[in-house]
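Have a look at the structure below before the remarks.
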């Protein structure tokens, strides 16, 4: 190992601990992930010391088109020859182009867009729009939900640890179990503005609802004049084998939020997309919700290039195929390591492994890192590990991850004296 690079890494970690977050530095080190990212390409990232990793964390789905995608980076470089972020109060062709593209690719009659910079901001906008349009106050959300850490979105997170230090939060939010449509029916009142859901819960542990759930929630919302907000921030843009996860169940929301992978891992941008009739709220209030950097000209150029890349390379189908390859390996591991692995949760390349107890998650995360794979247990439940690799992952890289997982399980079995360890 190059001693100079090791010194640079050590200093960077020390500076991060001193000026940013000592606990993050300590936690990442204990998980074997005290990495200083350097080169990035495809499904891989290299530590500054030269060690290569397959990235199965990807910022929970930021890098759908791959790490440092050259085509997306070139689109930004070309844009910088002419454009800057633009003046947010003025009309913009770049905004118009991306909004029109989003209308084309989103399901059903979703049409109009408000841009932001991140997922929490997109969900804040969705909740504000729902309240403003309906003139009602209540928002129903679900246990283990994750919608971001900003003002309105924080009130809709289904985990108390994120919320308790900042209470009192926004009033009018009611929590129900995820996957239980009847609970939503019973909770709705005459003052309910919207139900906000992730089609598949990501941070909650890759929780996939029953097939009847989203269609039934859609029906309940329609019958009660309640808006349905679907948060597709992690599930969107081909992650699950469809352009949007809601398409698996044929459900069209009134409002959809997207972010993360829309920026191609190159430039931050988010969008809140809604049905045309909801635009009536903005006719008398055209400047009621603004974002200085949301939907910047540069961000919209990158977003459009990202969508075009996903379509051109048919990443939805590729995600489905690579998901099937993962699934065959996961099913074999469930059979071979019943003392460690309980179940597989998966749609396309949105994948979660349920371990048999919470101690296994941190241990396997470290074992995988030692073998060149980044995959992190969830904050809600350390017994669940998320695998969300770039959608450009190759069959050979899928096999590398599966082999690393098998070797890691063998090592833990041997240390614990359980299961298959030969």
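The values are calculated or read from the model by the stated rules, or taken from the named source; none is laboratory data. Note that the structure is predicted; figures quoted are calculated from it, not measured. As a convention, Cβ positions derive from the backbone with ideal geometry for all residues, glycine included, and neighbour counts pool all protein chains shown.
Among the residues of the stretch 365-382, those that are within 26 Å of residue 160 (Cα to Cα) and in contact with a strand residue (DSSP E or B) (Cβ under 7 Å, 6 or more places away or on another chain) comprise 365, 375, 376, 377, 378.
Scanning the stretch 274-293 for residues that are touching a helix residue (DSSP H, G or I) at 6+ places or on another chain (Cβ under 8 Å) and surrounded by fewer than 24 Cβ atoms within 10 Å (Cβ to Cβ) gives 278, 280, 281, 285, 288, 289, 291, 293. Here residue 182 passes the criteria (1) within 19 Å of the chain's Cα centre (by Cα); (2) within 23 Å of residue 249 (Cα to Cα); (3) free of Cβ contacts under 8 Å to residues at least 24 places away in the same chain except the one numbered (1). Just to be sure I understand, how many residues within the stretch 290-313 are modelled with pLDDT under 95 and outside any loop (DSSP other than H, G, I, E, B)? So the answer is 0. For the stretch 122-155, a tally of residues being within 28 Å of residue 86 (Cβ to Cβ), buried (at least 21 other Cβ atoms within 10 Å of the Cβ) and under 14 Å from the mean Cα position of the chain (by Cα) returns 4. Of all residues in the stretch 86-100, those that are crowded, with 17+ Cβ neighbours inside 10 Å and either outside any helix (DSSP H, G or I) or under 21 Å from the mean Cα position of the chain (by Cα) (or both) total 4. Among the residues of the stretch 194-202, at least one is in contact with a helix residue (DSSP H, G or I) (Cβ under 9 Å, 6 or more places away or on another chain), in contact (Cβ under 8 Å) with a residue 40 or more places away in the chain, farther than 20 Å from residue 254 by Cα and crowded, with 23+ Cβ neighbours inside 10 Å. All of 153, 161 fail the test of being on the phi < 0 side of the Ramachandran plot, touching a helix residue (DSSP H, G or I) at 6+ places or on another chain (Cβ under 8 Å) and in a helix (DSSP H, G or I), apart from 153.
Please indicate, with yes or no, whether at least one residue in the stretch 358-366 is without any contact (Cβ under 8 Å) to a residue 12 or more places away in the chain, out of contact with any helix residue (DSSP H, G or I) (no Cβ under 7 Å at 6 or more places or on another chain) and surrounded by fewer than 18 Cβ atoms within 10 Å (Cβ to Cβ). No, that holds for no residue. Evaluate the following for residue 323: is it within 22 Å of residue 234 (Cβ to Cβ), part of a helix (DSSP H, G or I), touching a residue at least 40 places away in the same chain (Cβ under 8 Å) and within 24 Å of the chain's Cα centre (by Cα)? It is true that residue 323 is within 22 Å of residue 234 (Cβ to Cβ), part of a helix (DSSP H, G or I), touching a residue at least 40 places away in the same chain (Cβ under 8 Å) and within 24 Å of the chain's Cα centre (by Cα). Selection over the stretch 234-256 of residues that are surrounded by 24 or more Cβ atoms within 10 Å (Cβ to Cβ) and assigned to a loop (DSSP other than H, G, I, E, B) gives a count of 11. Inclusion of residue 121 among residues that are in a helix (DSSP H, G or I), in the same structural domain as residue 196 (by TED's automatic domain parsing), farther than 30 Å from residue 186 by Cβ and touching a strand residue (DSSP E or B) at 6+ places or on another chain (Cβ under 7 Å) is warranted.
Does residue 170 meet the test of being more than 18 Å from the chain's Cα centre (by Cα) and assigned to a loop (DSSP other than H, G, I, E, B)? So residue 170 passes the test. Within the stretch 44-61, track down each residue that is assigned to a loop (DSSP other than H, G, I, E, B) and buried (at least 23 other Cβ atoms within 10 Å of the Cβ). Across the stretch 44-61, the qualifying residue is only 56.
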